[in-house]
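Asker: Got a structure for you, questions after.
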Amino acid sequence: MSVASETVDWLTDSANWSGDEGIPHRLLEHVYYTGLAVGIAALVAVPLGLWIGHTGRFRNVAILVTGSMRALPTLGVLSLVAIYSGIGLTAPLVALIVLAIPPLLAGAYSGIESVDPRTVDAARAMGMTEWQVLLRVEVPLALPLLVGGVRSAVLQVVATATVAAYISLGGLGRYLIDGLAIRDYPQMLGGSVLVIGLALVLDGVFASIQHLALGERSRVEAARRT
Amino acid sequence: MKLTKVSAVVAAIAIGFGLTACGGDPTKDDSAPSASDTLTIGAVGSGEAQIVAEIYKQALEAQGVKIKTKYGIETREAAVPALQDGSIDLLPDYSGNLLTFVDKAATATSPADVEAALPAALPKGLEVFKASPAEDKDSLNVTKAFSDKNGVTSIADLAKVKGFALGANPEFKERAYGIPGLEKVYGITGIKFVPISDFGGPKTLKALLDDDIQVADIYTTTPSITENNLVTLADPQNLIAAQNLIPLIRTAKATTAIEDTLNKISAALTTADLVDMNGKNNGADKVAPDVLAKEWLTAKNLL
Amino acid sequence: MTWFLDNFAYVWELTVKHLVLSVIPLVVGFVVALPIGWFASRHRRLRGSVLSVGSLIYTIPSLPLFLVLPSIMGTKILDPLNVIVALSLYAAAVMVRSASDAFDSVPAEVLDASKATGFSEARSFFRVQLPLAGPVLLAGLRVVSVSTVSLVSIGALVGVSSLGSLFTDGSRRDFGTEIIIGIIGVVLIALVLDTLLVLAARLLMPWRSVVRSSGRSV
């Protein structure tokens, strides 16, 4: 397997570990794009999802919209926006936000829906305002599913941000697109290994957060019982 | 996602129709090794290659050759292996880039030298026919404003400009005529390279006009150069090799009949024709390659 | 619109290719994932590792997978088979989790009852477990179907034509109409396949209303 050993050589070559085109810089760029896209998507999707879950209104609309958004091909959205925005961050960001919204929205509203209605009624009976019900009872209980939504959004965006390099963006996708342009398999494979590694690390991080959220959920449930 | 029963049934019928209408499995058509009487023509990237491929196709079909097509291959680095493994049989290519691809050490830059060097350099099993005078090569372009302000009209002048960004396809970073050549031949250092995967197309142009990049690699037959009053930098050291259109074919498929037909096309095709057809393909009307090919063949009396 | 009408045959050809490139991986992925998912649900200890292999496969970015497969499988570089195999892998990777959840959802009492009735293992699988797992399987299949249809377009970056070719071509020509038509085409295919899945489920599982595709993502 000469390609495999060349890939190892590529990954361990110190020349690939420094400068603007070096692995640490590309890795940081990749994390930055991912964070930015998921962050902006969360600003839109999470409050909306919480509201839908809390009020139960527009649930069918939300399902329809998230379903259709999932069907939107990332490459198409990317190419289309890039025609108007040119090179730079705008087009990839829009494409990645579109990708991140459905899992975030779904995580938020299904999280709230998963809360036992009796718990919510009990909270209201205790005289909590709707805001208090949402923030003190529903959100903590919805946290595991909410974080689950963030987790799958992050994983999808990390993998797909590679395609964004098609529109002159940095990040780990650079190695894939540049490697593709000159058929440099070790570079392409090396880039893929890095993306997979990053995805696994992030997945682990979110798995731990989800675990903590489950702990928080049982704490809230316990508090209610006492 | 809830759909009414009626629309679902309509959709089911449409999908069934689609599967039968194409006569079996269309993915098979692409990949099956070509039957000996079928010629598969490929085209790399840009619209121009596809237009020329269409010209080859229609002229050969008029001679009774059965043709399949495989357009939209991303780069030569993909296309040449595809020729070697028989995925495609014929490819309109550009002489200089083809030569540097098959022979990294090649030094020829003039049209005649490049064409003469090709046959010996090609891998076994591939050959080229006569090159066309029509040429489309990489050229470095700057805006008129940038040229005036910095006194840049030649690539050599770029050496005195500090910290400019150059936009081109990703492979420009590695190719002999690309960044390595600019550094070695012209002594230009500190270039910020911006990879833009559109073959000197609209995004590269927009980046140049927006001043995201100051130098753009745009193919010489691209109408946007004159449309936007860009200054194409002279290349006194002949860094960028000649790029005449040349048919690259698998020897196993190269018959005299095919050679005669393609040689006639190559002889008739001019650089001006390419500029004209590219303009129509990319301009407001977005005329399809097959239509342009037909018009050209008819005008040149080659059908 | 004029462009669409002028190029209808071309767009139609790409649509059919896109459809075939989506449906084959969907079927292959489902057929492969079913026994693995069943196995995982029956062997709790192996479940974790089987599912992590699944998620590991799913994190591999599609682009390099398309390019690496030829050297592993000995296929040709532009062979659509590369895309089909890659997407089948993804589909199977996601479906394994759904399938395992689906078989988990079959109540243990039902299994015991079928055993007590004297059903053979195979008969129990096809007559009892599979039908009961059906709704959850369907929900998973619907999610996989949508993402597969969208992923097929990435193949255009490596020269495997589909509606994705309209994206790369439109991008090169600065031609939004072409890209929009491609997007509409992809969404329509996703919608049609989703509808067919739901219809098929109604035919095969007339006894229960179809579970909504849950919002949970792949």
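Asker: From Cα pairs below 8 angstrom and at least 6 apart in sequence, can you work out the relative contact order of chain A, rounded to a whole percent? Walk me through the intermediate numbers first.
Answerer: Details: 288 pairs, mean separation 58.9, N = 226.
Once divided by the residue count of chain A, the mean separation gives 26 percent.
Asker: Given contacts defined as C-alpha pairs under 8 Å and at least six residues apart, what's the relative contact order of segment B:138-232, whole-number percent? All intermediate terms of the calculation are to be shown ahead of the outcome.
Answerer: On the way: 151 pairs, mean separation 41.8, N = 95.
Normalised by residue count, the contact order of segment B:138-232 is 44 percent.
Asker: Another question about this same structure. Would you mind ranking A:GLU221, A:GLU113 by Cβ crowding within 10 Å, fewest neighbours first?
Answerer: Numbers: A:GLU221 15, A:GLU113 18.
By the 10 Å Cβ count, ascending: A:GLU221, A:GLU113.
Asker: With charges set only on the Cβ (+1 for Lys and Arg, -1 for Asp and Glu), what does the dipole of chain A come to about its Cα centre, in debye to the nearest 20?
Answerer: It comes to approximately 980 debye.
Asker: Given the options A:GLU29, A:GLU216, A:GLU130, state which has the largest fluctuation in a GNM of chain A using a 10 Å cut-off (strictly under) for Cα springs.
Answerer: Greatest mean-square fluctuation among the candidates belongs to A:GLU130.
Asker: Can you sort C:TYR10, A:TYR33 so the residue with the fewest Cβ neighbours within 10 Å comes first?
Answerer: C:TYR10, A:TYR33
Asker: A further question on this structure: Report, in degrees rounded to the nearest 10, the 0 to 90 angle that the Cα long axis of helix A:74-85 makes with the longest principal axis of chain A.
Answerer: The answer is roughly 80 degrees.
Asker: How large is the Kirkwood hydrodynamic radius of the protein assembly as shown, counting all unique pairs of alpha carbons, in Å? Don't skip to the answer; put the middle values down first.
Answerer: On the way: mean 1/r = 0.0359 Å⁻¹.
One decimal place: 27.9 Å for the Kirkwood radius.
Asker: On to the next question. If we count every other residue with Cβ under 10 angstrom of B:THR222's Cβ, Lys/Arg +1 and Asp/Glu -1, where does the sum land?
Answerer: Values: positive: none; negative: B:GLU48, B:ASP136, B:GLU227.
Counting the neighbours of B:THR222, the net charge comes to -3.
Asker: Pull up the DSSP beta bridges for the protein assembly as shown and report the antiparallel fraction as a percent, rounded to 5.
Answerer: Working: 15 of 29 bridges.
Restricted to the protein assembly as shown, the bridges split so that about 50 percent are antiparallel.
Asker: If you don't mind, another one. If R₀ is 60 angstrom, what is the calculated FRET efficiency for the pair B:LYS162 and C:ALA9, using the beta carbon separation as r and rounding to 0.05? Before the final figure, lay out the partial values.
Answerer: Working: r = 53 Å, r/R0 = 0.89.
It comes out at approximately 0.65.
Asker: Would you mind telling me the antiparallel percentage of the DSSP bridges in segment B:138-232, rounded to 5?
Answerer: Values: 6 of 12 bridges.
The antiparallel proportion sits near 50 percent.
Asker: Over segment C:63-196, what relative contact order in percent results from Cα pairs under 8 Å that are six or more residues apart? Intermediate results must be reported in sequence, preceding the final value.
Answerer: On the way: 114 pairs, mean separation 32.4, N = 134.
Relative contact order here is 24 percent.
Asker: Then there is this: Per residue, how big is the convex hull of segment B:138-232 when only Cα atoms are used? Give it in Å³. Mind dumping the intermediate values first?
Answerer: Numbers: hull volume 7.8 nm³, N = 95.
Spread over its residues, the Cα hull of segment B:138-232 gives 82 Å³ apiece.
Asker: While we're looking at this one, here's another question. Which residue, C:SER145, C:VAL31, C:PRO80, has the largest displacement toward the positive end of the dipole of chain C when charges sit on each Cβ (Lys, Arg +1; Asp, Glu -1)?
Answerer: Selected residue: C:VAL31.
Asker: Taking the Cα centre as origin and putting +1 on Lys and Arg beta-carbons and -1 on Asp and Glu beta-carbons, what dipole magnitude results for the protein assembly as shown, to the nearest 20 debye? Working shown, then result.
Answerer: On the way: 60 positive and 66 negative charges, 640 e Å.
I would put it at about 3080 debye.
Asker: Something else: Would you mind ranking B:LEU245, C:LEU204 so that the residue whose beta carbon has the fewest other beta carbons within 10 Å leads the list?
Answerer: On the way: B:LEU245 24, C:LEU204 12.
Lowest count first: C:LEU204, B:LEU245.
Asker: Then there is this: Divide by every residue of the protein assembly as shown the summed helix terms, -39500 (n - 2.57) for each DSSP H run of at least 4, and state the resulting mean residue ellipticity at 222 nm, rounded to the nearest 500 deg cm²/dmol.
Answerer: Values: 31 runs with 468 residues, N = 747.
Calculated at 222 nm, the ellipticity per residue is -20500 deg cm²/dmol.
Asker: Another one. If r is the Cβ-Cβ distance from C:ILE184 to B:LEU209 and R0 is 41 Å, what FRET efficiency results, to the nearest 0.05?
Answerer: Values: r = 30 Å, r/R0 = 0.73.
Computed FRET efficiency for C:ILE184 and B:LEU209 comes out at 0.85.
Readers should treat all values here as calculations from the given coordinates under stated rules, not as data from a laboratory. The structure presented is a predicted model; accordingly, all values stated were derived computationally and were not measured. In this analysis, Cβ positions are derived from the backbone assuming ideal geometry, glycine residues included, and neighbour counts consider all displayed protein chains.
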